[in-house]
Amino acid sequence: MNETIIFGADWCRDCRRAKLIFDRAGAPYRYIDLVADPEAAGVAQDISGRTNIPVILYADGSHQVEPSNADMLQKIHDLQLTEKSE
């Protein structure tokens, strides 16, 4: 896998916040809407071991569940997911 995947739902405030952080940082991701694709909820739960969302799966195999803005930005920086200078 060579992409970041955000598992979430549009009704979820933290999911909308995660997408906004990635969008503002210019970091690409694939969004999987768990309402439109309910089977993906099981995939997200298998990754995180929890039912909380968003679940963000990174290309390095790591993941975050309900991360803070700072945690997402740090991961975007660490993995060099954007070409924007800081």
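Throughout, read-outs are computed from the coordinates displayed, never taken from laboratory work. Bear in mind that the values here come from a model prediction, so they are computed numbers and not experimental data. Here Cβ is always computed from backbone atoms with ideal geometry, including for glycine, and neighbour counts include all displayed protein chains.
Put in line by how crowded their Cβ is, counting other Cβ atoms within 10 Å and starting with the fewest, 62, 48 read 62, 48.
With labels modelled as points extended 7 Å from the Cα through the Cβ direction, what inter-label distance (nm, one decimal) is found for residue 35 paired with residue 13? The answer from the label model is 1.7 nm. Ordered by the number of other Cβ atoms lying within 10 Å of each residue's own Cβ, fewest first, 34, 79, 73 fall into the sequence 79, 73, 34.
Taken about its Cα centre, the chain carries a charge dipole of roughly 240 debye when the Cβ of each Lys and Arg holds +1 and the Cβ of each Asp and Glu holds -1.
Multiplying the residue separation of residue 70 and residue 24 by 0.36 nm and removing their Cα-Cα distance gives an extension gain of 15.2 nm. Kirkwood radius, the range 5-78, all distinct C-alpha pairs, inverse of mean reciprocal distance: 12.1 Å.
Of the trypsin sites (Lys or Arg not before Pro) found in the range 17-86, those in coil by DSSP whose Cβ has at most 13 other Cβ atoms within 10 Å are 50, 84.
The chymotrypsin sites (Phe, Trp or Tyr not before Pro) found in the chain that occupy coil by DSSP, while having at most 14 further C-beta atoms within 10 Å, are 11.
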